[in-house]
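These notes are about the structure you will find just below.
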């Protein structure tokens, strides 16, 4: 195996080694095809099979029936911030739960389409938690309720979906899709940029309940028309063929490794090791997120001051732990430990944390 | 070398083997980095270098100075059909030269933004040629003139740019970018989906003269705002990191193999071999395009009837020539021979054509 380091990047992020290995082996020529996946037509039988596998794996992992479309689009979650309201905000008002920078960006784009009601925001505490159900001011006439299930920058996560009654729930799950089993039927739409938990950047999965597509206005620009994308099965134009191929491999890896129940167990273990290291440090490491809102995908903490944090990140990098610098908006340290991140790397980081405290305590 | 076949696909299409080989070797871990390119942060020094290389290679190949932005966006040329008029159609009228299905799609999206004047169309002859300069009805007050430099489906190509005086020229060069040296200063913008001549699908190069960005209206949706994309150097959100990496490799290959003058020579040779085979067949093979408009990227021809064409394509596939079926709108045969397509494959196809005619003449 090549010399790989521990990659704690927030995204693009670590991918399963067996998936990368398979992609590498077949890069020059898919067996029986004689071309690289990067060279095959998106209208070919070969790509049909890859695409069908990726969609079918998605359905299995989410438990999604035929009442949901599985789309793989370009432009990332950032394009969906605009595209989903453009297509689904009927009537032209929606509730947004604001739990971080990405929620705020979603609000900004939604406001171009219609009225946005901020159903709750936790900005006051530098987004160190997600709101409780009884804090939400929901409008029963809203077109939908939007939330960000995991907040990469702040290290917070919803442990359960907001309850929205009959109002469809839209979820940006870019940074925690497939981290545990969910009841997909609670959702009107789930979307996720692939580059954190399911694949390379450049492809965004959009899972949408088919009946919601009846809301799509006529005559939208073709590439922004969700109904057209669904009618053409993500093939209105050339999709990100390579990205969808990698997603077919990472979702296969998920299914072959115990599925989402096993991921939930592993993720709780991995994040638990780091939170224990924080909580057991006697205040040397201070977690950013409130305990009830802690993310199992992104673990964030601070040290006594910025200089010490800088030293921690630098020495960690020298020891083979990459990507630990916190986002500029909160500083400190952030360890992103997505599905594909190995437990061993987390254990070694916890040891490093103890050793660093001993030397610099 | 793995068992690779001759890939005549129109796109996604054949890529240079040395580029694929390098991507394969480094797929698990970039040397000195310890992560796959698919796993590196788009804000990392490693990606900065890849991105800078791709941009710098683009500048060298096009001879583009600092007065041009080099952007790598998502959504393909299809999104640019809408996005470019949305950003640059000031005043709200533009001239479009219609030479095929892709031009027509560009017109359709542009009409959502403003008034479209069809400066010329060759649809009457099933797009078997591109118009001459004196056929163009150009409006000196138009915001821009748009043309499609190569028409993948019909196998036609402009041998010189339309002359538009002071009106900026916008070009969809998806299927022939880098096929020969051009004078970039004739263009206001050149855009190209990567999947035909420069890389995998999922990334679109947009080269735009900086002064045109002054036209960009305020408050466009962020992901559709070309000025914002330029200000953020294609990194407003996570770009297609892998796609840009492959472009950095294919453009390196171009520069190391004699650049665009050498490509022009090779492309003329390769296409020439096929056109000679057509012209020397005594009418057995009938070229679709008029001679003056023949494309060196996509060579299209018909046989006496659809059954014979089907037989030709099927037997060619059995002999290792893949992707020769013509587009459904013109039928027949299409051989796409982009920069990376080897001359040997063209010679072998020409031999196959002679042999097929002998057996079925």
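Odds and ends about this structure:
- Spin-label model distance (nm) - residue A:268 vs residue B:292, 7 Å beyond Cα toward Cβ: 7.6
- For residue A:311, inter-copy separations between label points set 7 Å beyond Cα along the Cβ vector come to 8.3 nm, shortest first.
- Relative to the current alpha-carbon distance between residue B:317 and residue B:135, full extension at 0.36 nm per residue lengthens the span by 61.5 nm.
- Length added when fully stretched, residue A:126-residue A:163, from 0.36 nm per residue minus Cα-Cα: 10.9 nm
- Maximal additional length on extending the residue A:215-residue A:180 stretch stands at 9.6 nm, based on 0.36 nm per residue less the C-alpha distance.
- Dimensionless Rg/Rh of the protein assembly as shown - Kirkwood Rh, Rg from C-alpha atoms: 0.99
- Packing, taken as the mean count of other beta carbons within 10 Å per residue, orders the peptides A:21-31, B:66-76, A:77-87, A:305-315 from highest to lowest as A:77-87, B:66-76, A:21-31, A:305-315.
- With the convex hull drawn over the C-alpha atoms of segment B:188-250, the volume per residue is 88 Å³.
- Of the Cα atoms belonging to segment B:181-296, the radius of gyration and Dmax stand at 19.1, 60 Å.
- Between copies, residue A:25 shows label-point distances of 2.2 nm, shortest first, with the point placed 7 angstrom from Cα along Cα to C-beta.
- Range of Cα positions in segment B:41-89 per principal axis (Å), largest first: 35, 28, 14
- For segment B:17-256, the relative contact order comes to 26 percent (Cα pairs under 8 Å, sequence separation of at least 6).
- By the Stokes-Einstein formula, at 0.890 mPa s and 25 °C, segment A:17-256 with its Kirkwood radius over alpha-carbon pairs has D equal to 133 µm²/s.
- Packing-based ranking of B:46-56, A:199-209, A:5-15 yields A:199-209, A:5-15, B:46-56, ordered from highest to lowest mean Cβ neighbour count within 10 Å.
- Descending semi-axes in whole angstrom, ellipsoid equivalent of segment A:258-360, from the Cα gyration tensor: 22, 14, 13
- If both residues of a DSSP beta bridge must be in chain B, then about 55% of such bridges are antiparallel.
- Coarse-grained scattering of segment B:1-45 at q = 0.22, 0.25, 0.33 Å⁻¹, given as base-10 log I(q)/I(0) from a Debye sum over alpha-carbon atoms: -0.84, -0.92, -1.17
- Per residue of peptide A:72-84, the mean number of Cβ atoms on other chains within 10 Å of the residue Cβ is 4.
- Restricted to Cα atoms, segment B:1-157 shows a radius of gyration and a Dmax of 20.2, 58 angstrom.
- Whether segment A:117-180 is rounded, prolate or oblate, judged on the alpha carbon gyration tensor where a/c under 1.5 counts as rounded: oblate
- Taking every residue in B:190-203 and counting other chain Cβ atoms within 10 Å of its Cβ, the average works out to 4.
- The same position residue A:43 in the other copies lies at 4.2 nm from this copy, comparing label points 7 Å beyond Cα toward the beta-carbon, shortest first.
- Between residue A:111 and residue A:67, the simple label model (points 7 Å from Cα in the Cβ direction) yields a spacing of 3.5 nm.
- Neighbouring Cβ atoms from other chains, within 10 Å of the Cβ of residues in A:340-352, number 0 on average.
- Here, segment B:1-79 is characterised by an Rg to Rh ratio of 1.01, where Rg is the alpha-carbon radius of gyration and Rh the Kirkwood radius.
- Think of it as helices only: each DSSP H run of n ≥ 4 in the protein assembly as shown is worth -39500 (n - 2.57), and spread over all residues that comes to -11000 deg cm²/dmol at 222 nm.
- Separation between Cα centres of segment B:294-325 and segment B:74-114, rounded to whole Å: 32
None of the figures in this text is laboratory data; all of them are computed from the coordinates on show. Remember, it's a predicted structure, so these values are computed and weren't measured experimentally. Positions of Cβ are backbone-derived with ideal geometry, glycine not excepted, and every protein chain shown enters the neighbour counts.
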